[in-house]
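In what follows, a single structure is set out as structure tokens and then discussed.
What follows is calculated from the coordinates using simple rules that are stated; it is not laboratory data. If you're wondering where the values come from, they're calculated on a predicted model, not measured in any experiment. Glycine gets a Cβ as well: all are built from the backbone with ideal geometry, and neighbour counts include every protein chain shown.
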Amino acid sequence: MTFRTRVIAATVGVAALAVVLACFASFLTTRNALINSVDQSLEQASHASNLRHLDGDTDFTGSFFELVLADGQTTPTSNIPIDKTIRSVANGEVQQVIRTVVISGESYRELIVALPANSTMSCPTGPGLCVVPTTSAQLFIVNIQGQVNELVHLVDTLLVVAAAGLLLALGLGIIIARTALRPLEEVTNEIEEVAEINDMRHRIAEGGSDELGRLRKVFNSLLASVESSQNLQRQLVVDASHELRTPLTSLRTNAQVLSRADELGSDDLHQLTDDMVAQVDELAALVTDLGELARGERSEGAVESLRLDECVDECVDTARTHARIKDVAIDVHTEPSTVLGRRDRLERAISNLLTNAVKFTPSGGTIVVTSNAGTVTVSDSGPGIAEADRPFVFDRFWRSASARALPGSGLGLSIVAQVVAELQGTVTVDSDPALGGARFTISLANQEGN
């Protein structure tokens, strides 16, 4: 079932329910008004009558009343059926009954009122009063066949009105659905056009601030996100291919030289194999970093409460292994603090900062690591980062002129920025006033401070 069909069905369904309820209410209102009018006339007759006309006409095609004794006898005698209900009232079991009965194919409204024993009534045989020694019932009856016929006619009329209303609702539903869904069809056509041409730069007209306008804005925002993602993907592929070209070319050259190993001395051969191992390690590091970046802004794994100082201590223990080779000292000052994050990702970001600091700190230099209140700071005594280069240090594959001769992929700080953004924190770089080198600061939301 199409959306348009559902809209039409819903419109017709609501209209049908409204018409049916209106017709039913109209019927009940009219019926109750007619019956209440008859009932009121019977009540008035019962209050005003003392059966002084018991010798009247026995033809009850119109209004008629009579006295019913406890044994079922009637005064005056008539062919009104005396059933259990009338007898129960005449016996004093029930005080009053008002009902509709059918006699000889005609509908009548009947009021039965109980009378106590020794009630005084006008005598049917002559002037004067008579005493009825037993309980009895006073019966008032009126023909309502005319009202019933009017109600039947009303039902026929209401059925015609309901059918006409449903047809009108169907027509209006079709018109309303076409009118209301036309803007939605236009949006759908534009989206299909974008999908067909596969141009993420295309934008649709946003229109007003109604629901369709919001839909257009959200779709344009989605297109912008997809376009940005595609651009980043293309740039990543271009940059990665550029970075891979250099070690692969070097490996190819070394492999060609290695084919003439019998012409090389032992020292040259040893240097050649060392270069190839270093180039393979560089490729492996680059592939690892590319895989890390490919995770995007959201990585897998559970988010948990982490002791930031413990993560820093673990990363420092690992970094000291490499720092000892360069005779670089790492001083650590940590205070307990707790953050939310993924341990592997957070430790990867801290390790990248430490690796970067070890790489640029000269032999005999110092690295200072501090951690408190959701903040990690890594400072070194290296050459630092020029102020003009600081806006670019977190870009993918960016490397300063002084760092291009050093091993690395240029992705380490990009991974740091990505992890910190995932943890909804910030990372900044400036100069350490005491050590003179670069100072990187990661700031995360401290749970204890929230």
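Overview of values
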{"item": "Contour minus Cα-Cα distance for ILE176 and ALA421 (0.36 nm per residue)", "result": "83.4 nm"}
{"item": "Cross-link partners of LYS359 among lysines (Cα-Cα below 19 Å; sequence separation of 8 or more within a chain)", "result": "LYS326"}
{"item": "Nearest-0.05 FRET efficiency for ARG214 and ASN254, computed from C-beta distance (R0 60 Å)", "result": "0.50"}
{"item": "Potential lengthening between ARG307 and GLU387 on full extension [0.36 nm per residue; Cα-Cα distance subtracted]", "result": "25.5 nm"}
{"item": "Estimated distance in nm for a label pair at SER37 and VAL20, the labels positioned 7 Å out from Cα along Cα-to-Cβ", "result": "3.0"}
{"item": "Net charge of neighbours whose Cβ lies under 13 Å from the Cβ of ALA434, counting Lys and Arg as +1 and Asp and Glu as -1", "result": "-3"}
{"item": "Inter-part distance where segment 249-276 and segment 134-203 are each reduced to a Cα centre, Å", "result": "88"}
{"item": "Segments 98-108, 370-380 sorted - mean Cβ within 10 Å per residue, highest first", "result": "370-380, 98-108"}
{"item": "Gained length - THR2 relative to GLN271, 0.36 nm times residue gap less alpha-carbon distance", "result": "89.6 nm"}
